[in-house]
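See structure below.
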Amino acid sequence: MRRLAGVLLSAVLLAAAAASVSAQQFTGGVRGEVRDPNGVIPGVTVTLTNEATNISRDTVTNEVGQYNFPAVPPGTYTLKTQLTGYKTYESKGLTVGTQQFITLDVVLQVGALEESITVTGQSPLINTANASHAASLDREALEALPAPGRNAFMIGVTVPTVMPVGDPQFNRQQDQTNASRLSLGGGGIRANNYLIDGVPITELRGRAVLNPTIEALEEVKVQVHTYDAEMGRTGGGVFNVTAKSGTNNYHGSGFYQTRPVWGQSENFFNEKAGLSKKETGLSDAYYRLYGGGIGGPIVKDRTFFWFATEGYRSGTTRNESEVWPTANQRNGDFSHTTIARVPVLLFNPWCRGGVPNSRCLATGTGSIATNGEFTGAIIPLSHPAVSQTGLNILKIWPTDTIQGPMAQNEDYNTNANGTAFIVDKAGMYTWKAEHKFTDKWSLSGLYIYNKTDEPGSTIMKPDKLFMADQDQWFGPLRRRPHVLVFNNTNVLNNTTVLTLRYGWTTWQDSCDKQAFTPGIQSLGFSPTYVNALGPGGKDTFPSISFPDGDVESVGGWGGIPVRWKGPYAINGALTKLFGSHSVKIGADFRKLGVSLSTASECPNEEPALGGCFQFDRRFTSRNGVGGDPIASLLLGLPFTGSAPANPGLGEWYTRYWGGYVQDDWRVTSKFTLNYGIRLEHEDGLREVDNQQTVAFDQNVTNPIDAFVPKTGLLAGRTLKGGLIYAGVNGAPTEQGNPKKIKPAPRVGATYAIDANTVLRGGYGLYWAPWNYNTSQHGQIGFARSTSLNQSSAESEVPLTVLDNPYPSGLQAPIGSSLGLLTGVGGQVDFVDQNKGNPKVHQYSADIQRELPGHMAVTIGYIGATGRDISFCGTNDCSININQIDPALARQMFPLGSGWDAGALRQSIPNPFFGIAQAGELGTSPTIQRGQLLRPFPEFGNVLMHESTAGSKRQYNALSVELDKRVGAGTWGGRLSYTYSVSKDNQWGESNTYSSRFNGPQNNYDLAAEYSYSVYDSPHRIILAPIVNIPAPMNRNSMAYLLGGGWTASAVVELVSGAPLNEVMSGGASDANLGLFGGRQRPNLVGDPNTSGSDDERVATTVNPDAKYFNAGAFANPGVGQYGNAPRTDGSARYQFRKNIDLVVSKATRLTGNQSGEIRFEILNLTNTAKFNGIDSTSIDSSAFGRISTQAGFMRIWQLSFRYRF
């Protein structure tokens, strides 16, 4: 009765916190068979006792001699068997790790019960319990191995097939976004699950809500492929964390860590420039990290606690190399400007019509008389074509970086170089308590609070922060995660255990606003435009963007509030031993949400409340010759843009359910079969007030059809297509097409060839989580943006100037009231109503062999096949379903083997002109011919997000791994080599160590995007040894005092570089294709690799023209043709990265159980620079092939001091 009350109370405690997730157990287990020489023995009492807390559990072997202890918290245990007529058997020092299942068979000897046989340290080195691929980082490894930012998850990169693609310098508490950029076992980036004490902390974007302090952790288990039906909502692997608990003894530690200036090497580019630490600000850098933990009994043998904290205050530097307008260019003088070493020619696009007008005079420079050319590439500031707004933006653009005056080179090599100084603050507080109500019932609770403030990096001075690039400066970013976890375990009887868990998380993830106090009207923007902007727009500097990478983008941020809500989680499992079957039945529920602004300006950009305007060379070119992006800005001629009428605030959420049955069957003492089935369901994304679209109906007749004359190219056509809103006219309230039930079978098997050798293999189907973004949720109508109405930048007279970008005003937010007419005339974004369910098939086979000296070697194959995984990965991207079909263009306007793009751009009478319902399309008397050949001519771009059909990935890997138990002998650790190939068609995925264009070549041929993954790295060697340096024998000698207690550890990483992605510039692509969609790739005609060392191939002040890749290896495919270059080129790869992090530490006993430790940690021991990707992927840009920024650290010394008791 008391036990039943305990179960009911646990259920009430868990349910009271309400709404909640899928999880996998963090607890492990011990099972086995008890026998004597004559066979199995039923009725043997088996006791498992935690050596630190003295908490024990009893069970009795069943009719086939089997015993089972499921749901065992990680720790060190003693297993004891007792039966009258046999000697007592006792196995001490049995370490159960996070989700580690140990099989320990016992052979009893006849004798008196008082007699005993004791063995010590029998935890196996090879896994005979299941076929899962996993590696544990126990307390010793977490404390001993190098950890640049003390991020436990990042130490997981020492595990084979774990591939990081984030910048390694962003590994602190505040770096949830970067630290989660990992692929496990060939899965997607951020397709993983993060667990703390069995409860998930993975939010909608696939990030861990927080990065827990090592002071609060007992162990991290990195589970790459796990063939257990208990695991759900992951398409890669699991980071399974066990929080540290108190014991029967009070113990704890405290530490302080610093990075002395003398031990910090200068940034690679600064060092090449000959700059001193004082000149770059490094001499003022500081790093003060502190923390510790304490725990023990509240009531001995019954109630325990652990408290941990960690924080830091740092001032660090970050190099930035950018291209800013020079003094000459700001004054209209481009006579010394070169692009790709070719002098610039400039033309006045207002002269394209051949008729004098107010912006193109009959005579003079930039006139009809010069055919529009600005003589000598000089644009007089008094010329009528100059935009006052464009000129004002150039005037306000700083001429000094934080280090001093910018350079004045005008070759589009970097001329604004500096080192940002960034001040970060963070603090984390962790509390955990455990209570044993009875021998059969225990409950634990965990709470973590984290507070971080992180500014971005910029080389603009403080008085110019309002216009710093939003991709670099964001702030500061203030994050406030909260995590609450409850764990309950009930032993119902000798063969049955029930576990229940609850988790609650939430976190603020918002940036402060950097207001432009004078207001954007002071830049010369029309009052009509300024007053039409939504809240926060008038004093937010507009985003001025240069997508070809020639010039640094500026502006954009307006301080957008973001709060992640969830996961809220509840899950439970019931484990029962039947004969030789250990059967587990469980269920999960999860709710994940976010509240944020969704205003998203320009394609795939972040919110820009003051509007976004994009510039390139085309408007100042003629017939594809000449042009300059800064000159286009001076003339105020963006080729595209958009502006929001409101921030688009909303709250979105999804819910997940899972149920499973798993059987771990010991068929024989040598053969174990694990099999199970998991059934899952996850809703499509919902908005709490239905403020979203759920579809774009491509077949419905749009109401605009009744207003448009059907002549010319529209003759005989019916205008189709329109948006469908959530809950309107019976429409669903969720997005996509989620399966009602997603079955996920799992099977694994192990066969012990002998006591030291095991064969293992397994297969599992996993339904991967979606990486939701923060900008596009189909919110058009509720978050309303207006697209810029502009003519063809290549060949036509401009329609719109920056001074008055929206003469007809901004489209007002009207919700769903216009129905199918919503967005007509402009760009619309929607989530694909046929969005499928990402799935990954995982499979593996290996052989493990235990070697003498506490070592084990594993040789294995790991594979993963992904389908419907999306094309975007961790980023937002889209498919433009309103691109002109190239087959139609080729049919109507043939040119050689392609089509005549110029014919598509020609202006013709606009059938939408004057129709109020036509939106932006109704404001001009002419229209490009190609607009009427689009599938949905009444719309601009129709961008389909979150599409899955045809997306795929294939991963194959061979690995060799040697593990040696740490603490057994002089050294331990893990050494591994992995050869792998990863291919996919995820053009939207990104990698710190490479660059890519976020879009396909042809929206009608997505299969052509299948190529090497952007993070494909064929060769990866990881060495992670821990060495106990031999000490003098005499512990009382001075020699021992100086030479004893020393250990050394390292992480050595050797990794192949990522493949090259290359495209034509946006201007060249649009001029060649004219299809309103797709980014043309070039033809591959040579070897893209340049010669020399890495240092010689990157652009520095010593060698500013250096290129890592050769643009001459590619050729323009020409008009009406697609290039033959693959999306990624495996023969042209970025830097082969080499890194060594080293730790040397000395522990000294002080008195009693007190000790001290000093730790010397050297990050990047060889001071080898790692680099970001190229500045531009456009082969016709001067920035193509140029690498000018560094990733990760140069050499840094970290000194730590720790006190333990």
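The values are calculated or read from the model by the stated rules, or taken from the named source; none is laboratory data. In this text the structure is predicted, and so the values were computed from the model without any measurement. For neighbour counting, all protein chains shown are included, and Cβ atoms are generated from backbone atoms with ideal geometry for every residue, glycine included.
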Task: Which numbered condition Ile422 misses (of (1) at pLDDT below 95; (2) touching a Pro at 6+ places or on another chain (Cβ under 8 Å); (3) surrounded by 20 or more Cβ atoms within 10 Å (Cβ to Cβ); (4) not charged (D, E, K, R)) - done: (3)
Task: Within segment 248-265, considering residues that are farther than 17 Å from Ile214 by Cα and of a type in the set (A, V, I, L, M, F, W, C), the one farthest from the chain's Cα centre (by Cα) - done: Trp262
Open item on the list: Looking for something more than 30 Å from Asp664 (Cβ to Cβ) and at pLDDT below 95 - is there at least one such residue anywhere in segment 574-585?
Closed with: no
TODO: For Phe239, indicate whether it is under 29 Å from the mean Cα position of the chain (by Cα) and either at pLDDT 95 or above or in a strand (DSSP E or B) (or both).
DONE: yes
Open item on the list: If I filter segment 1-13 for residues that are outside any strand (DSSP E or B), of a type outside the set (Lys, Arg), over 30 Å from Gly295 (Cβ atoms) and at pLDDT 80 or above, do I get at least one hit?
Closed with: no
Open item on the list: Would you confirm whether or not segment 803-815 contains a residue that is modelled with pLDDT of 95 or more and surrounded by fewer than 24 Cβ atoms within 10 Å (Cβ to Cβ)?
Closed with: yes
Open item on the list: Residues that are more than 30 Å from Gln735 (Cα to Cα), at least 1 per element: which strands (runs of 3 or more DSSP E) completely within segment 906-990 meet that?
Closed with: 907-909, 926-928, 952-964, 971-984
TODO: Give me a count of the residues in segment 613-647 that are in contact with a strand residue (DSSP E or B) (Cβ under 8 Å, 6 or more places away or on another chain) and closer than 16 Å to Val551 by Cα.
DONE: 10
Open item on the list: If Ala1068 meets every condition in (1) surrounded by fewer than 20 Cβ atoms within 10 Å (Cβ to Cβ); (2) part of a helix (DSSP H, G or I) apart from one, which number is that one?
Closed with: (1)
Open item on the list: Show me the strands (runs of 3 or more DSSP E) found entirely inside segment 607-691 where at least 3 residues are modelled with pLDDT of 95 or more.
Closed with: 649-666, 671-682
- [ ] Return the residue satisfying two criteria in turn: it lies in segment 189-236 and is assigned to a loop (DSSP other than H, G, I, E, B) and touching an Asp or Glu at 6+ places or on another chain (Cβ under 8 Å), and of such residues it is farthest from Pro743 (Cα to Cα).
- [x] Thr213
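Every residue, every condition in (1) touching a strand residue (DSSP E or B) at 6+ places or on another chain (Cβ under 7 Å); (2) within 18 Å of Gly825 (Cβ to Cβ); (3) surrounded by fewer than 18 Cβ atoms within 10 Å (Cβ to Cβ), yes or no:
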position	(1), (2), (3)
Ala695	yes, no, no
Pro703	no, yes, yes
Pro709	no, yes, yes
Arg717	no, yes, yes
Lys720	yes, yes, yes
Leu723	yes, yes, no
Ala726	yes, no, no
Asn729	no, no, yes
Task: Residue in segment 511-538 that is surrounded by the most Cβ atoms within 10 Å (Cβ to Cβ), counting only those that are of a type in the set (Gly, Ala, Ser) and under 20 Å from Gly475 (Cβ atoms) - done: Gly537
Open item on the list: Quick test of your reading of the structure: Arg965 fulfils all but one of (1) at pLDDT below 95; (2) in contact with a Phe, Trp or Tyr (Cβ under 8 Å, 6 or more places away or on another chain). Name the failing condition by number.
Closed with: (2)
Task: Residue list for segment 386-406, restricted to those being β-branched (Val, Ile, Thr) and either within 16 Å of Val554 (Cβ to Cβ) or assigned to a helix (DSSP H, G or I) (or both) - done: Thr389, Ile393, Ile396, Thr399, Thr401, Ile402
TODO: Just need a number here: residues in segment 407-419 that are part of a loop (DSSP other than H, G, I, E, B) and crowded, with 23+ Cβ neighbours inside 10 Å.
DONE: 3
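Condition check ((1) over 24 Å from Asn531 (Cβ atoms); (2) in contact with a Leu (Cβ under 8 Å, 6 or more places away or on another chain); (3) assigned to a loop (DSSP other than H, G, I, E, B)) across all residues:
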position	(1), (2), (3)
Leu802	no, yes, yes
Gly809	no, no, yes
Gly826	no, yes, yes
Gln833	yes, no, yes
Val857	yes, yes, no
Task: Answer residue from segment 290-347, given it is among the charged types (D, E, K, R) and closer than 17 Å to Asp411 by Cβ and is surrounded by the fewest Cβ atoms within 10 Å (Cβ to Cβ) among those - done: Arg341
Task: So Tyr993, is it among the aromatic types (Phe, Trp, Tyr), in a loop (DSSP other than H, G, I, E, B) and over 23 Å from the mean Cα position of the chain (by Cα) - done: no
Open item on the list: Only one of Asn493, Asn488 is among the polar types (S, T, N, Q), crowded, with 23+ Cβ neighbours inside 10 Å and over 14 Å from Trp557 (Cα atoms). Can you tell me which?
Closed with: Asn488
- [ ] Confirm whether Glu271 is out of contact with any helix residue (DSSP H, G or I) (no Cβ under 7 Å at 6 or more places or on another chain) and within 21 Å of Asp167 (Cα to Cα).
- [x] yes
- [ ] Inspect segment 913-927 for any residue being closer than 20 Å to Asn1002 by Cα and either modelled with pLDDT under 95 or surrounded by fewer than 22 Cβ atoms within 10 Å (Cβ to Cβ) (or both) and give the result as yes or no.
- [x] no
Task: Considering residues of segment 14-48 that are closer than 18 Å to Leu492 by Cβ and in a loop (DSSP other than H, G, I, E, B) only, the residue modelled with the highest pLDDT - done: Thr27
Task: The lone exception for Ile448 - which of (1) closer than 27 Å to Phe304 by Cα; (2) part of a loop (DSSP other than H, G, I, E, B) it fails - done: (2)
Task: Which numbered condition Arg929 misses (of (1) over 30 Å from Ala141 (Cα atoms); (2) touching a His at 6+ places or on another chain (Cβ under 8 Å); (3) among the basic types (Lys, Arg)) - done: (2)
